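Beneath this line is the structure, given in structure tokens, with notes to follow.
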Amino acid sequence: MKAFENSEVWFVTGSQHLYGEETLKKVAEHSQEIATALNNAAAMPVNIVFKPTVKSPEEIYAVCAEANASSRCIGIITWMHTFSPAKMWIRGLNILQKPLLHFHTQFNRDIPWNEIDMDFMNLNQSAHGDREFGYIMSRMRLKRKVVVGHWQDNAVIEKINAWARAAAGWHDWQGAKFVRFGDNMRYVAVTDGDKVEAEMKFGFSVNTHGIGDLVQVINAVSDADTDALTKEYFETYNVSSSLKSDGKQYQSLRDAARIELGLQYFLQDGGYKGFSDTFEDLHGMIQLPGIGAQRMMAKGYGFAGEGDWKTSALVRAMKTMGAGLKGGNSFMEDYTYHFDPANSLVLGSHMLEICPSIASNKPSCEIHPLGIGGKADPVRLVFNSAAGPAINASVIDMGNRFRLLVNEVEAVEPIADLPKLPVARVLWKPYPNMNDGCAAWILAGGAHHTCYSQNLGSEHMEDFAEMAGIEYVRIGKNTELYQFKNELRWSEVYYKANNQ
Ligand code: MN
């Protein structure tokens, strides 16, 4: 089954009437064959739907309008098997609101050296037909992904797959609602930002509810529901002895279950795809949500602490993009450093809320004091996370634009037991190395809050940023600080010149 079984990407081939019926018949046959092969590729998470060849400005406009109106269509792939004069595309591209991937491929992989004649040359023109199409996209300054290579090459299919996942995340954001319980943590800069601009740019809305509205729902949760969820905790996690039914903090576990159910009902009833809360606004709450926030994330909801609506929305988008893939996505914070020159590491964590989708072991369900917030000790899931390649991603508001910043990292196995650390944790090494990776992040203004992903790479995020039309900055293996600073400086001018 496909991860996005209700979503479609339309495969649209461009041509023109010049070549006659025979050639156009072949164009349609070949296009259908390519679309079917892409659709059947094991990695393809969406339905690739073949569309009839477009040969005139009217047909091009119609398919773009149809794509805009279709709730199933999350993007279109275009390919010019023959030449398709690109002025024909202007009106259609002008109204197209869905992400576009320009697939620069060719039906035949090899040149048939002994058979090639002028009929073949008339039909197989993508090497120049796609250049004409590329020109008009560039001339119109349109964002798109260009994928080059033969359609049966797995590396090429992987690039389409990454884009399709990004398109699914983007589609999910359109009309999405996020709720913020309370406001921003007082005086914090990076978690704040322009929610009106975000709605215009990203398509999702963020609105506040006083924490009292949530408390009301929590207080109305039935004892029977609370019993059932408490039982689920015992079945799913290694629960600390003090939280067990004969333990002295059993009531705290039940309180935590009630909070989780209140969150769940509130989000379901309001049609929300994610939320944020803040320990500075917990009036009427018994505990800061710990296990509840963690488990809601594991169900696919976005979350970030301290009123950080941008990271909450990003966590949701990345969870959507990674659907069906091995590994998880979680709210994360660069917490503290290990500056051993022989083995420098970042310890990522949060005061409670790390998503168990990234757990490498059965989480233990524990209760410990929090030290801030002034509420009862919160219940939380504690676990380690596996070694392997990962990314940290952050959306920040630069005032005149949003910037999506990504750092490629390598997670490592825990090098010690951390017996007294009462929160879930991850250890990683940033690329290109600890000092330059962190320096680049700081220079780019990256937040301390991120979405940490085990199953997405920088290509997904780059495609996603293109769809959103925002700045994309990557810190990876080849990042070199001198060049990196120049990139930021030059981008500053670019975005000012484009009035973005
Ligand atoms: Mn935080």
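The values are calculated or read from the model by the stated rules, or taken from the named source; none is laboratory data. Computed from a predicted model, the values in this text were never measured in an experiment. All Cβ positions, glycine included, derive from the backbone under ideal geometry; neighbour counts span all protein chains shown.
In summary, strands (runs of 3 or more DSSP E) completely within the range 404-500 and bearing 1 or more residues that are within 16 Å of the ligand (Cβ to nearest atom) and either modelled with pLDDT of 95 or more or of a type in the set (A, V, I, L, M, F, W, C) (or both) occur at 426-430, 449-453.
The range 103-213 holds helices (runs of 4 or more DSSP H) entirely within its bounds, and those carrying 2 or more residues that are modelled with pLDDT under 95 map to 118-123. Close contacts from the range 54-65, counting a first residue that is among the charged types (D, E, K, R) and a second that is part of a helix (DSSP H, G or I), with Cβ to Cβ under 8 Å and a gap of 6+ residues or different chains, come to Lys55/His17; Lys55/Leu24. Among residues of the range 168-191 that are farther than 20 Å from His283 by Cα and within 15 Å of the ligand (Cβ to nearest atom), those with a beta-carbon under 8 Å from a residue that is of a type in the set (D, E, K, R) and at pLDDT 95 or above at least six positions away or on a different chain give the pairs Val188/Glu306; Thr191/Glu306; Thr191/Asp308; Thr191/Lys310.
Determine, yes or no, whether Lys2 is of a type in the set (Lys, Arg), within 33 Å of the chain's Cα centre (by Cα) and over 29 Å from Leu456 (Cα atoms). Criteria not met by Lys2. Quick one: count up the residues across the range 457-466 that are in contact with a helix residue (DSSP H, G or I) (Cβ under 6 Å, 6 or more places away or on another chain) and more than 16 Å from Phe402 (Cα to Cα). Of the residues in that region, 2 qualify.
A single entry from Val395, Val412 fulfils the requirement of being buried (at least 24 other Cβ atoms within 10 Å of the Cβ) and touching a residue at least 60 places away in the same chain (Cβ under 8 Å): Val395. Report whether or not Thr236 is more than 16 Å from the ligand (Cβ to nearest atom), more than 31 Å from the chain's Cα centre (by Cα), of a type in the set (Val, Ile, Thr) and under 21 Å from Ile367 (Cα atoms). Judged against the criteria, Thr236 is not a match.
Among the residues examined, Arg186 does not qualify as surrounded by 18 or more Cβ atoms within 10 Å (Cβ to Cβ), among the basic types (Lys, Arg) and over 17 Å from the mean Cα position of the chain (by Cα). Taking the criterion of being touching a helix residue (DSSP H, G or I) at 6+ places or on another chain (Cβ under 7 Å) and either loosely packed, with under 13 Cβ neighbours inside 10 Å or not in a loop (DSSP other than H, G, I, E, B) (or both), the residues of the range 39-48 that qualify are Asn47, Ile48. Only one of the numbered conditions (1) at pLDDT 95 or above; (2) touching a His at 6+ places or on another chain (Cβ under 9 Å); (3) among the hydrophobic types (A, V, I, L, M, F, W, C) is violated by Ala393, and that is (2).
Quick grid of which residues meet (1) touching a Pro at 6+ places or on another chain (Cβ under 7 Å); (2) closer than 30 Å to Asp377 by Cα; (3) hydrophobic (A, V, I, L, M, F, W, C):
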{"position": "Glu410", "(1), (2), (3)": "yes, no, no"}
{"position": "Pro419", "(1), (2), (3)": "no, yes, no"}
{"position": "Arg425", "(1), (2), (3)": "no, yes, no"}
{"position": "Trp428", "(1), (2), (3)": "no, yes, yes"}
{"position": "Leu443", "(1), (2), (3)": "no, no, yes"}
{"position": "Asn455", "(1), (2), (3)": "no, no, no"}
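Give all pairs with beta carbons closer than 7 Å in which a residue from the range 338-354 that is within 30 Å of Thr278 (Cα to Cα) meets a residue that is assigned to a strand (DSSP E or B) and charged (D, E, K, R); count only pairs at least 6 apart in sequence or on separate chains. From residues that are within 30 Å of Thr278 (Cα to Cα), the pairs are Leu345/Lys429; Val346/Asp334; Gly348/Glu333; Gly348/Asp334; Ser349/Glu333; His350/Glu333; Leu352/Arg380.
Considering Thr82, Thr78, the condition of being under 22 Å from Glu22 (Cβ atoms) and either part of a helix (DSSP H, G or I) or hydroxyl-bearing (Ser, Thr, Tyr) (or both) is satisfied by Thr82 alone.
Listed here are the residues, each with its yes/no results for (1) under 30 Å from Ile442 (Cα atoms); (2) of a type in the set (Val, Ile, Thr).
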{"residue": "Val188", "(1), (2)": "yes, yes"}
{"residue": "Lys195", "(1), (2)": "yes, no"}
{"residue": "Gly210", "(1), (2)": "no, no"}
{"residue": "Ser222", "(1), (2)": "no, no"}
{"residue": "Lys231", "(1), (2)": "no, no"}
{"residue": "Ser242", "(1), (2)": "no, no"}
{"residue": "Gly247", "(1), (2)": "no, no"}
{"residue": "Gln251", "(1), (2)": "no, no"}
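Restricted to the range 2-38, and to residues there that are assigned to a loop (DSSP other than H, G, I, E, B) and hydroxyl-bearing (Ser, Thr, Tyr), the residue that is surrounded by the most Cβ atoms within 10 Å (Cβ to Cβ) is Ser15. Just one of the numbered conditions (1) surrounded by 15 or more Cβ atoms within 10 Å (Cβ to Cβ); (2) closer than 30 Å to Ile372 by Cβ is not true of Asp172: (2). Looking at Thr105, is it of a type outside the set (D, E, K, R) and within 16 Å of the ligand (Cβ to nearest atom)? In short, no. The set of residues in the range 261-319 being surrounded by fewer than 22 Cβ atoms within 10 Å (Cβ to Cβ), in a helix (DSSP H, G or I) and either of a type in the set (Phe, Trp, Tyr) or within 13 Å of the ligand (Cβ to nearest atom) (or both) consists of Tyr265, Phe266.
Of all the criteria given as (1) away from the ligand (no atom under 15 Å from the Cβ); (2) modelled with pLDDT under 95, the one not satisfied by Gly371 is (1).
A single entry from Lys51, Lys55 fulfils the requirement of being over 19 Å from Lys159 (Cα atoms) and in contact with a Phe, Trp or Tyr (Cβ under 7 Å, 6 or more places away or on another chain): Lys51.
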